[in-house]
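What follows is a set of notes on a single structure, which appears directly below.
The values are calculated or read from the model by the stated rules, or taken from the named source; none is laboratory data. These numbers come from a predicted model, not from an experiment. Counting neighbours? That spans all protein chains shown, and the Cβs are built from the backbone with ideal geometry, glycine included. Surface areas here come from the heavy atoms of the whole protein model, side chains and all, with no ligands, DNA or RNA. Shrake-Rupley method; radii C 1.70, N 1.55, O 1.52, S 1.80 Å.
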Amino acid sequence: MKDPKNRPLVYVVTGIIAIGAALYFMTLDTSIFDWFILGMGIVSVFKGVQEYLEMHGGLAAFTKRNGKSGPDVKAPDDKA
């Protein structure tokens with residue numbers, strides 16, 4: 001893949017497709033391979049979310065963007 005910014009999106013989309021396919025095939029007739037596909041889909045979605053958060057500064061940066069305090073932001077002192 002030439003653009004690493006698209007990698008998390010590819011992981012999430014393929015994971016969702018794998019989870020959907022596994023759940024569909026489980027309704028027809030369950031085998032051990034359906035469980036493997038389901039597991040791979042879950043891991044793929046997890047890996048995609050993990051890489052997305054690494055690229056954008058983690059959960060602390062995500063909460064700071066929304067106006068909440070993160071671990072690097074100091075709370076105001078009451079001793080003023």
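Applying a threshold of 9 Å to beta carbon distances and a minimum spacing of six or more residues, or different chains, the list of pairs starting in the stretch 3-21 at a residue that is at pLDDT below 90 and ending at one that is surrounded by fewer than 13 Cβ atoms within 10 Å (Cβ to Cβ) and part of a helix (DSSP H, G or I) reads PRO4/MET55; LYS5/MET55.
Identify the residue in the stretch 21-53 that is under 17 Å from the mean Cα position of the chain (by Cα) and among the charged types (D, E, K, R) and, among all such residues, is most open to solvent (accessible area, probe 1.4 Å). Lay out the reasoning, then the answer.
Kept after step one, since they are under 17 Å from the mean Cα position of the chain (by Cα), are these residues of the stretch 21-53: 38-53.
Subsequent filtering for residues that are among the charged types (D, E, K, R) retains 47, 51.
Numbers: LYS47: 78, GLU51: 27 Å².
In this case the residue turns out to be LYS47.
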